[in-house]
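Have a look at the structure below, then the notes.
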Amino acid sequence: MSDIVTLPSTRSSTDLETVYQKVTRRVVPLLFVCYLLAYLDRINIGYAQLQMRSELNFSDAVYGLGASMFFVGYVLFEVPSNVILKKIGARKTMLRIMLCWGAVSMSTMFVASPLEFYVARFFLGVFEAGFFPGILFYPTLWFPADRRARIVAFFMAATVAAGMISGPVSGYILQNMNGVHGLQGWQWMFLLEGFPSVLLGIVSYLSLDDGPSDARWLSTAEKHAITRDLAEGSRDVPEESVSHREAFRSMAVYRLSALYFSMSCAAYALSFWMPSLIERAGTVGMQRIGSISIIPYACGVLAMIGYSRHSDRTRERRWHFAFAVLLGAVALALCNWTEGMLWTSVALISVSLAAVISSLPVFWAVATSVLRKESAAVGIAIITSLGGVAGIICPYAIGLIKTSTGSLNYGLYCCSGILVVSSAVMLRMKTDSPR
């Protein structure tokens, strides 16, 4: 057949690189946009609360608990959702998750009380559960371990892009659509930012494949090349690798969960409270706050992509992770000393956010190496579920502390301390394999 070419067996061949470029162009951009929308619907509450607090009489504690309720539903349904992923495949899972979370996100426009706010956030977490582990598991079907850090970095960049988009778009909607057709700005925000998820869920179902063997856009030779390369890349199993049955009993999985918890604490503190940090630093106006918030996220996406590539090139993980989280901890702590100093505060927020999110692809390169393919979906779900407890604790705890003390400082200091501990934990882990 004319479309079949003979590919060498070496993993470094130019032809094999061409095959992976083809897969990357087909798979990664779509998943990037999907995850961008998921994260946008998760964090846009940080901007909505600037209006909701006064219009619905919500305190910082109510907002913090509402932000946390998302993660209660998310954690409870994370593992079951990924078990379903293994059974029904990526296409049906993406369709189910995106249709449901988009609908719930839009329905948040109707909340009128704290209880309704909590319920809406809880079910948003229920329906989004399994999406992020699925996004992490899906590349293991297409790419060997030594290519995953850069692939995961592109997915992680979606969280940064979501932050870049969420600020100016949400700020514009809140300020300029407030009162249009009798709806408040925050109601328009949930409606307009939730609807694209429903549409993209349908697009994903029509465009994705459940694996290389199902991809009609790959030739037979290309499918065989990917299958052979995946097999070669999985020959060397790191010391702490675990099987599917051992996943729930593995100390490696729980150490990784603790690390993910620490990073999530800092990431969610910055994501949910960045608008408030910028506001207290000396700026007013929702559209201006949203515009300024682009800066930390823009710095973050550049740092993350460059840092993950350096980690792949040097084939080193542990020290890359430790340095990034320590830098993030220092910058986050220093944010407490910049009240009324707008650009100094923005600079420190940028450094902290860039450092924390740069550690994420390095972390997932380690995590997906520790787990065998057979246990990857369940193992990743355990890590994200237990690590995701940070999303339950951190936003509510910081909101409660702020309500009690009138300051974000003590909550940010706690997040910084957790990051310092995580660097020590990673350096003590036995596996530093890049595979």
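Do the conditions hold for Ala61, that is, is it in a helix (DSSP H, G or I) and under 18 Å from Ala38 (Cα atoms)? No. If you check Val33 against the conditions, is it farther than 23 Å from Ser166 by Cβ and touching a residue at least 60 places away in the same chain (Cβ under 8 Å)? No; evaluated as a whole, the condition is false for this residue.
Pairs are defined by a Cβ separation below 9 Å, a sequence spacing of at least 6 or placement on different chains, a first member in segment 224-235 that is of a type in the set (S, T, N, Q) and surrounded by fewer than 14 Cβ atoms within 10 Å (Cβ to Cβ), and a second member that is modelled with pLDDT of 75 or more and assigned to a helix (DSSP H, G or I); the pairs so defined are Thr227/Pro212; Thr227/Ser213. Restricted to segment 345-359, and to residues that are surrounded by fewer than 24 Cβ atoms within 10 Å (Cβ to Cβ) and not hydroxyl-bearing (Ser, Thr, Tyr), which residue is nearest to Ser276 (Cα to Cα)? For segment 345-359, the residue satisfying everything is Val346.
Is it true that Ser68 is surrounded by fewer than 24 Cβ atoms within 10 Å (Cβ to Cβ), out of contact with any strand residue (DSSP E or B) (no Cβ under 7 Å at 6 or more places or on another chain) and hydroxyl-bearing (Ser, Thr, Tyr)? Against the criterion (surrounded by fewer than 24 Cβ atoms within 10 Å (Cβ to Cβ), out of contact with any strand residue (DSSP E or B) (no Cβ under 7 Å at 6 or more places or on another chain) and hydroxyl-bearing (Ser, Thr, Tyr)), Ser68 does not qualify. Candidates in segment 291-319 are the residues that are outside any helix (DSSP H, G or I) and touching a helix residue (DSSP H, G or I) at 6+ places or on another chain (Cβ under 8 Å); of these, the one that is nearest to Ala266 (Cα to Cα) is Ser293. Within segment 247-262, one or more residues are crowded, with 19+ Cβ neighbours inside 10 Å, at pLDDT 80 or above, part of a helix (DSSP H, G or I) and aromatic (Phe, Trp, Tyr).
For every residue, the table says whether it meets (1) at pLDDT 80 or above; (2) surrounded by fewer than 19 Cβ atoms within 10 Å (Cβ to Cβ).
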{"site": "Asp3", "(1), (2)": "no, yes"}
{"site": "Leu7", "(1), (2)": "no, no"}
{"site": "Thr10", "(1), (2)": "no, yes"}
{"site": "Val23", "(1), (2)": "yes, no"}
{"site": "Arg26", "(1), (2)": "yes, yes"}
{"site": "Leu40", "(1), (2)": "yes, no"}
{"site": "Ile45", "(1), (2)": "yes, no"}
{"site": "Met52", "(1), (2)": "yes, no"}
{"site": "Glu55", "(1), (2)": "yes, yes"}
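Just to verify a result, which residue in segment 171-214, among those that are surrounded by 18 or more Cβ atoms within 10 Å (Cβ to Cβ) and hydroxyl-bearing (Ser, Thr, Tyr), is modelled with the highest pLDDT? So the residue we want is Ser197. For segment 346-372, a tally of residues being outside any helix (DSSP H, G or I) and under 20 Å from the mean Cα position of the chain (by Cα) returns 1. Checking the structure you have, find out if any residue of segment 79-91 is in contact with a Leu (Cβ under 9 Å, 6 or more places away or on another chain), assigned to a helix (DSSP H, G or I), among the basic types (Lys, Arg) and surrounded by fewer than 18 Cβ atoms within 10 Å (Cβ to Cβ). Yes. Residues that are free of Cβ contacts under 8 Å to residues at least 24 places away in the same chain and either aliphatic (A, V, I, L, M) or in contact with a helix residue (DSSP H, G or I) (Cβ under 7 Å, 6 or more places away or on another chain) (or both) within segment 176-198 comprise Met177, Val180, Leu192, listed in sequence order. Apart from one condition, Val284 fits all of (1) at pLDDT 85 or above; (2) surrounded by fewer than 14 Cβ atoms within 10 Å (Cβ to Cβ); (3) among the β-branched types (Val, Ile, Thr); the exception is (1).
For segment 320-345, a tally of residues being at pLDDT below 90 and assigned to a helix (DSSP H, G or I) returns 7. Please indicate, with yes or no, whether at least one residue in segment 377-387 is at pLDDT 80 or above and under 19 Å from the mean Cα position of the chain (by Cα). Yes, some residue in segment 377-387 is at pLDDT 80 or above and under 19 Å from the mean Cα position of the chain (by Cα). Residues that are surrounded by fewer than 21 Cβ atoms within 10 Å (Cβ to Cβ), in contact with a helix residue (DSSP H, G or I) (Cβ under 7 Å, 6 or more places away or on another chain), in a helix (DSSP H, G or I) and modelled with pLDDT under 90 occur at least once in segment 128-140. Screening the candidates Val33, Val83 for the property of being of a type in the set (A, V, I, L, M, F, W, C), under 18 Å from Leu199 (Cβ atoms) and out of contact with any helix residue (DSSP H, G or I) (no Cβ under 6 Å at 6 or more places or on another chain) yields one hit, Val33. Among the residues of segment 273-313, those identified as among the basic types (Lys, Arg) and either closer than 23 Å to Val62 by Cα or in contact (Cβ under 8 Å) with a residue 40 or more places away in the chain (or both) are Arg280, Arg288, Arg309.
To keep it simple, each residue is scored yes or no on (1) outside any helix (DSSP H, G or I); (2) aliphatic (A, V, I, L, M); (3) modelled with pLDDT under 80.
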| residue | (1), (2), (3) |
| --- | --- |
| Leu99 | no, yes, no |
| Ser105 | no, no, no |
| Met109 | no, yes, no |
| Gly125 | no, no, no |
| Arg148 | no, no, yes |
| Val169 | no, yes, no |
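The values are calculated or read from the model by the stated rules, or taken from the named source; none is laboratory data. Keep in mind it's a predicted model, so treat the numbers as computed, not measured. Ideal geometry is used to build each Cβ from the backbone, glycine not excepted, and the neighbour counts take in all protein chains shown.
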